[in-house]
Each structure stands twice: as structure tokens, then as C-alpha cells.
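FYI, it's all coordinate maths here, none of it is from the lab. If you're wondering where the values come from, they're calculated on a predicted model, not measured in any experiment. So basically every Cβ, Gly included, is an ideal-geometry build from the backbone, and we count neighbours across all protein chains shown.
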Amino acid sequence: MAQKILSFYPGPSQLKPAIGGYMAEAVESGLLSMNHRSPAFVDLAKETEALLAARFSLPKGYRVMFAGSATECWAIVAHSFASLNSLHVFNGAFGEKWFQSRQRLYQNTLAFPFHCQRSLGMNGLKKMPGPDMVCLTQNETSNGTRIGNKTLEAIRKVFPGALIAVDATSSMGGVETHWHKAGIWFASVQKCFGLPAGLAVLICSPDALDLAAKLGHTAHYNNLQALHLMAQRHQTVHTPNVLGIYLLMRSLRNSPTLAVTAGLLKKRASEMYAFLVKHGYRPLVGNSRVRSHTVLAVEGRPAFVSALKAAAFENGILLGNGYGAWKENTFRIANFPALSAADFETLKSFLAAHSPKTTA
Ligand SMILES: *Cc1c(COP(=O)(O)O)cnc(C)c1O
């Protein structure tokens with residue numbers, strides 16, 4: 001057995017401490033041997049949907065559905081809105097991958113890359129041919145940047161008629177979100193939710209679902225219309241990850257509201273950025289307005305970064321590797337709700353003791 005490690009990896013991430021107990025409960029309950037059309041499953045799905053809507057303050061009529069991963073949600077959105085011109089606005093690896101996966105399937109896909117050090121300006125966007133759909137990444141996990149609610153509102157104003165789809169994989173459940181400003185939100189649960197991988201939450205507005213029905217692109221098994229039809233009966237098209245849904249339900253029962261969690265994480269993120277700077281670490285993103293509240297990317301010489309990660313591991317701490325273009329010269333720190341104040345104190349003492357100031 002590997003030693004137990006405290007993980008600051010931004011996904012799969014540190015599990016919420018209660019998960020082991022919830023797993024045993026799920027087995028005990030017999031639910032995992034129940035048919036996914038049974039009343040027992042329907043009750044579980046209903047409760048999970050209701051808890052999510054309540055904790056996250058979802059607008060009335062927004063529907064919660066289940067999928068297997070964020071990557072699958074990219075495909076669901078691509079197939080269900082195949083005939084729409086899709087504009088992908090991104091500044092990092094995940095947004096770019098979503099763009100590429102859509103473009104491989106459908107030609108009517110355009111990219112609007114922007115620089116990760118800058119706030120997304122609207123002047124360039126205004127010059128783009130008006131899209132039917134805009135795809136955004138709320139929190140770019142690869143470089144630790146975010147698209148805040150104000151920027152989302154500005155994008156909406158530039159393209160008032162467009163459907164907006166948001167990949168919120170490393171932020172859902174951790175940041176204040178203006179749900180009504182987009183028609184589609186999705187996230188897999190192995191990041192900010194602190195749950196095991198293999199489940200994604202897909203949240204759609206009534207307008208987005210109506211549009212999918214009107215377009216009628218139903219050739220693929222995981223199309224939004226089929227998902228929605230089944231979701232009206234609190235079921236799924238295929239046999240879902242019942243254990244994952246159970247863990248989500250149990251963890252939501254014991255979670256505070258999103259407003260409370262988001263407030264805590266925002267405060268902890270700004271304290272962490274200040275701590276890092278004070279100890280000679282350099283956040284990858286200089287512009288504090290676009291820095292993520294949930295994934296902190298820190299830049300350093302590749303030799304320093306790899307030595308630091310190795311030393312952390314020896315001390316029972318897992319730091320996140322850099323990702324994509326930032327693989328060698330950054331490390332990442334997850335600031336997810338599953339991590340406690342004590343966990344961050346442990347991390348801070350380690351980082352203080354191994355500061356670039358002392359090892360330079
Ligand atoms: C991790 C991640 C994904 C991929 O999630 P899977 O569950 O592996 O499909 C997609 N988008 C973002 C922003 C991510 O952070």
C-alpha cells in the first residue's frame with residue numbers, strides 16, 4: 001500500500017473525508033444492486049437533483065442531469081447542437097481541447113484564443129462573426145485562470161442571441177455562479193466536488209432544452225433530447241454511475257450553500273496568493289483579476305519545480321503537476337472544498353520551509 005498522501009492535485013483531487021463512510025452506506029443500503037428504473041433509484045436521483053438545486057440556488061426550471069465525464073459533455077453539446085455555429089473562447093489547454101474535439105466532429109466551429117495573462121477584452125470578440133453558440137471554460141484548470149460573472153455578462157451582451165455553454169469542471173461547487181447567464185453548465189465530480197471520478201453533472205436551462213428539441217439532432221445516444229426525456233422521469237439513458245450519484249447526494253446533504261463555500265474559497269485563495277508571493281513563489285498569472293479561486297498555478301524554473309514536487313511527496317504532500325504548455329515550469333495547488341484549513345496549514349509550512357528564497 002502506498003502511504004496516505006494529502007493531495008493538492010486539481011483532479012482527481014483529495015476526496016472529502018466522509019466519502020469512505022458514504023461508500024459503506026451505499027453498499028449496506030442495497031441500492032447498488034437495484035435496477036436503474038426502480039423507485040429506489042428514482043428517489044435517489046430526485047433527492048440529488050433537489051439538493052443540488054437548493055445548495056446551488058439554481059434558477060427555476062433549470063434541469064440537473066447526469067453524464068459520465070466532462071469530456072462526454074463536450075460530445076453531448078457538440079452532437080445536440082451540431083447545426084449551430086460554435087465559437088470557442090479559451091486561453092488554455094482544456095478550452096482548446098474542447099474546441100478541437102468539436103472541430104473534429106463539425107466544421108462550423110471557430111476558435112477565439114486569448115492570452116492567459118489578460119482579462120478577456122470584448123473588442124476582439126465583437127469582430128467575430130456572430131455565433132449561434134459560445135463555449136467557455138469557467139475555470140481553466142491548466143493555467144489557473146477564471147472567467148468571472150462580469151466577463152460572462154459582457155460576452156452575453158456581445159452575442160445576445162447565442163446559446164452559452166460553460167465547462168465548469170474545476171469550479172462548480174466552489175465559486176459564486178450566475179447560472180441564469182448561461183444555458184448549459186457541466187462538470188465532472190473528481191475536481192471541485194471532491195468525489196471519485198466517473199460522474200458528471202449537466203445543468204441546462206429550459207431554453208437550451210427547448211432549442212435541443214427544436215433542432216432534433218438525436219442520432220447519437222447521448223443527445224440532450226434523449227437525456228432530457230429520461231431525466232423528466234429522473235432516469236438516465238444508460239445505466240448510470242449509481243454509486244457516484246449516491247456519494248454526490250450524501251455529500252450535498254452535508255454541504256453548506258454554494259454562497260458559503262465560495263466565500264471561504266475566495267478568501268483562502270487570496271490568502272494563498274499573498275502567502276506565495278511573500279515566500280518568493282511566483283503565481284503564473286500576474287493579473288490578480290483573472291486568477292482562479294479554485295486552482296492556483298505557480299511558476300518556477302523546471303529544476304526547482306521538480307525538486308519541490310519530489311520533496312513535497314516525501315513529506316506526504318502531492319502537488320499538482322503543470323499541464324500542457326505549463327507542464328515543466330509550473331505546479332498547481334487545488335483550493336477545493338474537500339481540503340481543510342489544517343490541510344492548508346500543512347502545505348504552508350512545507351512551502352515556507354522550501355521557499356525559492358532559501359533554496360535559490
Ligand atoms: C478535468 C477537466 C476536463 C476533463 O474532465 P474528464 O472528467 O476527464 O472528462 C474538462 N474540462 C476541464 C476544465 C477540466 O478541468
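Here the label points at N321 and M128, each 7 Å from Cα along the C-beta direction, are separated by 3.0 nm in the simple model. Over the chain, the ratio between the Cα radius of gyration and 2.2 N^0.38 Å evaluates to 0.99. Count Lys and Arg as plus one, Asp and Glu as minus one, and take only other residues whose Cβ is under 14 Å from that of T236; the net charge is then +2.
Neighbouring Cβ atoms within 10 Å as the yardstick, rank T169, T239, T48 fewest first. Don't skip to the answer; put the middle values down first.
Working: T169 27, T239 10, T48 23.
Ranking T169, T239, T48 by Cβ neighbours within 10 Å, fewest first, gives T239, T48, T169.
A simple rule links phi to the HN-Hα coupling: the Karplus curve 6.51 cos²θ - 1.76 cosθ + 1.60 with θ = phi - 60°, which for the range 339-345 gives 8, 8, 4, 5, 4, 5, 5 Hz, with x for Gly and Pro. Amide H contacts for T145 (H built 1.01 Å from N in the peptide plane; partners 5 or more residues away or on another chain; cut-off under 5 Å): E140, S292.
Sorted ascending by nearby beta carbons within 10 Å, beginning with the fewest, T151, T236, T137 become T151, T236, T137.
The eigenvalues of the Cα gyration tensor, multiplied by 5 and square-rooted, give the range 244-318 an equivalent ellipsoid with semi-axes of 29, 19, 10 Å from largest to smallest.
Counting only DSSP beta bridges with both residues in the chain, the antiparallel share comes to about 55 percent.
Exceeding 20 Å between C-alpha atoms, which entries from my cross-link table qualify? They are K150/K214; K126/K157; K97/K309; K126/K181; K157/K266.
K150/K214; K97/K309; K157/K266
Say R0 is 45 Å: what FRET efficiency, to the nearest 0.05, do E28 and R301 get from their beta-carbon distance? After rounding, the FRET efficiency stands at 0.30. Panel order for Y221, Y9, Y246, by other beta carbons found within 10 Å of each beta carbon, from fewest to most: Y221, Y9, Y246.
Extending 7 Å from Cα along the Cβ direction at A274 and again at E72 yields two label points whose distance is 4.3 nm.
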